[in-house]
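The values are calculated or read from the model by the stated rules, or taken from the named source; none is laboratory data. Computed from a predicted model, the values in this text were never measured in an experiment. Cβ: placed from backbone, ideal geometry, glycine included. Neighbour counts: every protein chain shown. Ligands, DNA and RNA are stripped out before the accessible areas are found, and what is left, the full protein with its side chains, is counted by its heavy atoms. Shrake-Rupley method; radii C 1.70, N 1.55, O 1.52, S 1.80 Å.
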Amino acid sequence: LTPAELQPHPARPGTMLAGFSAREESMHKYYCLALDLEHGGKTSARYLGHGGDASSISTSAADSNAFVTACSDGFVRLFDARYSLPVLTMDSGGLSEMCPVALLIHPDGIPSK
């Protein structure tokens, strides 16, 4: 596996969230994985719903189950780490524009991206 982006999993110590580029894979599928580093990098979860490369992953200590991905398909997706599909998808500027980065923050305790 050759991840394009790595970020520590917000709820699972020893686990990394990894975004992959479909150009590097023979199946041309887009996804993020949770990789359990304490068990040899075994896949512990798969996060679906991407229509392009996941170019950025952002987590926040304020919510250990939430993370966002920025994607080359122009969308930002908010995930709850307990579920494989995004709980919210936002168009970051048009269907044809790439979204290079997204940031998950909690100003005054309110989640924002």
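Tabulated results
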| quantity | calculated |
| --- | --- |
| Full-extension gain in nm, Val101 to Asn65, via 0.36 nm per residue minus C-alpha separation | 11.0 nm |
| Exposure ranking of Arg12, Arg46 by accessible area [1.4 Å probe, largest first] | Arg46, Arg12 |
| Karplus-derived HN-Hα couplings along the range 100-110 (A = 6.51, B = -1.76, C = 1.60, θ = phi - 60°), whole Hz, x at Gly and Pro | x, 7, 9, 10, 9, 10, 10, x, 6, x, 9 |
| Taking the chain and dividing mean pair separation by its residue count, relative contact order in percent (alpha carbons under 8 Å, at least six apart) | 20 percent |
| Listed residues Glu38, Glu97 arranged by accessible area, highest first, probe 1.4 Å | Glu38, Glu97 |
| For the chain, size of Cβ-based charge dipole, Lys and Arg +1, Asp and Glu -1, in debye | 240 debye |
